[in-house]
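Reviewing the structure listed below.
The values are calculated or read from the model by the stated rules, or taken from the named source; none is laboratory data. Fair warning: this is a prediction, and the values are worked out from it, not measured in the lab. Cβ: placed from backbone, ideal geometry, glycine included. Neighbour counts: every protein chain shown. Heavy atoms of the whole protein, side chains included, go into the accessibility calculation; ligands, DNA and RNA do not. Shrake-Rupley method; radii C 1.70, N 1.55, O 1.52, S 1.80 Å.
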Amino acid sequence: MAQLRAGLAGLVLMALPAIALAEAPAPEAMRAALEVDGEISIDGRRLDRASLRRFYEPRQHAAAWLGQAAPLDRANFVAALRAAPAHGLEPNDYNLAAIDAREAGGGRAGVELELLLSDAWFRYATHMRVGRVDMASIEDDWVMPPTPFDAVAAL
């Protein structure tokens, strides 16, 4: 598990100059986006509100993927999403089309891009770590419980 965590962290933290630096959304805008009533949905895809809140609240809603001070390398992560088919995964299960659509945008697009990237990380890291399919839902006699994994803590 430590090896996988190091590999996933390295995937996010290594530098790749492929994506232009986007302006970080203001923490107030991030907070407002996470405090809306109802579900958080972008382009018809429901985002994991609980995980997003758990990740951004301790950071005082500061951006993690966008801006000069962002600690995470979105270029490397987006490259990994594009390579998802090599692992039997579908890139658009991880918001890739919506991420691409917002790369050049500003304003609200920055908030949405930040949320889409984090939500993609939670899904992608979980699928890479424990699998995309719950085997117990397919096989009645599946007795191996999935290994617990917290994608928010891993990020």
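Observations
- Of the numbered criteria (1) open to solvent by 10 Å² or more (accessible area, probe 1.4 Å); (2) at pLDDT 95 or above; (3) under 12 Å from the mean Cα position of the chain (by Cα), the one Leu72 fails is (2).
So that you can scan it fast, the table gives a plain yes or no per residue for (1) at pLDDT 50 or above; (2) in contact with a His (Cβ under 8 Å, 6 or more places away or on another chain); (3) assigned to a loop (DSSP other than H, G, I, E, B); (4) among the charged types (D, E, K, R):
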| position | (1), (2), (3), (4) |
| --- | --- |
| Gly7 | yes, no, no, no |
| Leu11 | no, no, no, no |
| Pro17 | no, no, yes, no |
| Ala20 | yes, no, yes, no |
| Glu23 | yes, no, yes, yes |
| Ala33 | yes, no, no, no |
| Val36 | yes, no, yes, no |
| Leu52 | yes, no, no, no |
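- On inspection, Gln60 fails the criterion of being farther than 17 Å from Leu34 by Cβ and part of a loop (DSSP other than H, G, I, E, B).
- Test: residue in region 86-93 that is open to solvent by 80 Å² or more (accessible area, probe 1.4 Å), at pLDDT 90 or above and not in a helix (DSSP H, G or I): yes
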